[in-house]
Amino acid sequence: MRNNALRNQSSRIAMRHHRQRRAQGGSLLSLEVPLAGAREPVGDTLAEDDGLAAWHGQTCCPAAVTELHHALQAALARLPAEDRRFCAALAHRPVTALAAEGFGSRSALYRRLADLRHVLTAHGLGPAWDDLAAA
């Protein structure tokens, strides 16, 4: 429901923006067209760090992604086998599915996840790795 509301609102904002640009004699901006006084297209002047993913906090730098991957592997290696199994399962399925598969009750799984967040933070991983904490 919220996604539909946001999609409708963003569509209305885009339509209003297009109407305002046309009323002022402007055309639609294309990434394939060069800006006034430039030779290269607009798309070639934008870095990956200027994109939508970067605005939402996703790492675009391959070196940073590799560093995070290694830090996550090192932190997970320090966990007991049962916690590693839980983290691996949680990476692919939601808590409700894990509860249905016999990992424990939902409330116990959420408590376990809260404890694991503290442990992983103590091992050097901050909230940036955690989608739930970032939200």
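The values are calculated or read from the model by the stated rules, or taken from the named source; none is laboratory data. Given the structure is predicted, the values throughout are model-derived calculations rather than measurements. Virtual Cβ from ideal backbone geometry, glycine too; neighbours counted across all protein chains shown.
Scanning the range 91-107 for residues that are within 18 Å of R117 (Cβ to Cβ), in contact with a Leu (Cβ under 7 Å, 6 or more places away or on another chain) and at pLDDT 90 or above gives V95, L98. Is there a residue being surrounded by 11 or more Cβ atoms within 10 Å (Cβ to Cβ), of a type in the set (G, A, S) and modelled with pLDDT under 75 anywhere in the range 59-74? So far as the range 59-74 goes, no, none of its residues is surrounded by 11 or more Cβ atoms within 10 Å (Cβ to Cβ), of a type in the set (G, A, S) and modelled with pLDDT under 75. Just to be sure before I move on: is G25 modelled with pLDDT under 80 and on the phi > 0 side of the Ramachandran plot in the structure I sent? The answer is yes for G25.
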